[in-house]
Each structure stands twice: as structure tokens, then as C-alpha cells.
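As C-alpha cells, the structure follows; a few thoughts come after it.
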Amino acid sequence: MSDSVQQTEHQEQIHSAAPKRHYLSSPPTGPAEEIRFEIYYGVSSPWALLGAPEAVRIAQDYGVTVHLKPITVVEENGGIRLKTRHPARQAYHALDLARYAKHLNIPLKPSPKYYPPAPGTIELSGQAIIRVQRHYGIGSEQALRFSYAIQRCIWVTESGDYADVEVLKGLAREVGIEEEVVQRCVVDKRGDEEDEGVAEWKRNHEEAVDLGIFGTPNYVVNGEIFWGQDRLNFVELRIKELVEKGAKPVRYWKF
């Protein structure tokens, strides 16, 4: 049996077991009082790295708060991990990535030393970002800088294995996170169901499933999903429209 047939059967099994959901299939037209801007993304996704500066720029221009929501590929909604895709799709992925990185003048490595991550390891960095964000607050500079530092470590600098907690601690220190916070937030608590980072990581995934997200990065404005960094122009247009109609950006309390 071919890999493509096995992959199709696996996806069909997942889909048949999934509960019926009603996904948004047209842009919302009703009034909105608030603006929520959430980014569901894989920390190791190169596309999330390429889109990060522009997403922050949009948020700053319109006074909107960026809520980082790290996740993994959402297989329940048809997401397919890169290394399991057909070779033709993997080749085009590399080609398009190189074009886009050149366009944005971001010196991505075509085959990063520590990518792809081993199964079960990306949770370490994702959950650390969540804890840092919870400590400093949603939209905090510390959380945004820490997330971007990890992404650059993977795709640009190759300065260390981001599946190593000590490498993550070093990145946290480099972006100005205090040592006390580093020791409390940048830790390996995978499997600890009581840990706030683990619990929020799981909630992010459940929310992504409900929203209809399958790939990353996904930029979500008031529940409307925009898949891919090449949709950020539509994200900006949507936020601009909401602002012009009087909607106010959500302000979050610190945890």
C-alpha cells in the first residue's frame, strides 16, 4: 500500500470519528463591540516566523493586543505534518519558503540543524511561551520577544536545540526576562496535568479544533480565521473595518 493511500485512510478515520461542527464559511457581517486578535501557531513553523513581525506591526498600528496561542498541527481538522506529505508538496513547500524569505529579507536556513523537532518536544517551547505570557500578561513584549527568539533560533541562527530547556532559558535571558521568571516559567513540565502551561496548551488545541483550524499560522480575529502569513493583509483590513465601526480592542488582565 502506498504512503498516499495510507495517509488518506488515516485522515478518513480521523474525520469519521470527529463530531459534527459548524465552521465559519463566510465573513461575519454583524456588529462587534470588541476586537480579539489571536495567533494560533506552531512554534517551529517557518511561516509563523515570517509573519510574526507583520502581525505585531498590525497590532501596534491599531492598538490591538496579540494573544499568542501555540499549538501543533490539528490532525482532527485535516492538518498534515510536513514530513508525511507527498514529496512533490514537500519540494514546493521548500521552494515557496525560499521565495518568501527572500522577499522579506529574512535569512532562513533551508535545512535547519534542529528541524523538524522530535515527536513530543515542541510542547516544551510552546508551554514555556504560555507561562511567560501568563506571567507578564497577554500581548507583553517579553512574551512576543521570547517567542520570536525561539523561532529565529530554529530557522535563522541555529544557536541551539530548542528542545533543550537550557537553550530555551538562554534565549529567555537574551530577551531580558528576569532570572526568577526564567526559572519558574522556562521549565519542563510536560505530562504535569496541574501545570498552567500544560493546561493552556491543551486548551489552545481544543479551541483550534472548534474554530476549524488545521494548519499554522492561523490569525484569528473575533473567531474568523485567516490561514497563513500571506493572509495578513486581510487581517489588517478586517481589523481596520472593525475599528472604523467603533469596536474596541480587548484589554486583558494579567493572570
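The values are calculated or read from the model by the stated rules, or taken from the named source; none is laboratory data. As the structure is a computational prediction, the values presented were derived from the model and not from experiment. When we count neighbours, we look across all protein chains shown, and the Cβ atoms used for this are built from the backbone with ideal geometry, even at glycine. All accessible areas refer to the heavy atoms of the entire protein, side chains included, with ligands and DNA or RNA removed. Shrake-Rupley method; radii C 1.70, N 1.55, O 1.52, S 1.80 Å.
Assess whether Arg145 counts as being open to solvent by 10 Å² or more (accessible area, probe 1.4 Å), out of contact with any Gly (no Cβ under 6 Å at 6 or more places or on another chain), part of a helix (DSSP H, G or I) and over 28 Å from Ile35 (Cα atoms). So Arg145 does not fit the description; no.
Here Ile71, Ile80 are screened, and the one residue that is modelled with pLDDT of 95 or more and of a type outside the set (Asp, Glu) is Ile71. Among the residues of the stretch 55-85, those identified as in a loop (DSSP other than H, G, I, E, B), open to solvent by less than 60 Å² (accessible area, probe 1.4 Å) and not β-branched (Val, Ile, Thr) are Gly63, Gly78, Gly79. Would you mind stating whether Glu241 is surrounded by fewer than 16 Cβ atoms within 10 Å (Cβ to Cβ), of a type in the set (Asp, Glu) and not in a helix (DSSP H, G or I)? Judged against the criteria, Glu241 is not a match. Restricting attention to the stretch 197-219, does a residue exist that is part of a strand (DSSP E or B), modelled with pLDDT of 95 or more and within 19 Å of Thr72 (Cβ to Cβ)? There is at least one residue in the stretch 197-219 that is part of a strand (DSSP E or B), modelled with pLDDT of 95 or more and within 19 Å of Thr72 (Cβ to Cβ). Tallying residues that are touching a helix residue (DSSP H, G or I) at 6+ places or on another chain (Cβ under 8 Å) and either small (Gly, Ala, Ser) or exposed (fewer than 11 other Cβ atoms within 10 Å of the Cβ) (or both) within the stretch 86-106 yields 1.
Looking at the stretch 148-168, which of its residues are over 24 Å from His67 (Cβ atoms) and assigned to a helix (DSSP H, G or I)? Of everything in the stretch 148-168, those that are over 24 Å from His67 (Cβ atoms) and assigned to a helix (DSSP H, G or I) turn out to be Val156, Thr157, Val165, Glu166, Val167.
For the stretch 148-187, the set of residues classified as more than 13 Å from Leu124 (Cα to Cα), crowded, with 19+ Cβ neighbours inside 10 Å and not aromatic (Phe, Trp, Tyr) consists of Ala149, Gln151, Cys153, Ile154, Leu171, Ala172, Ile177, Val182, listed by residue number.
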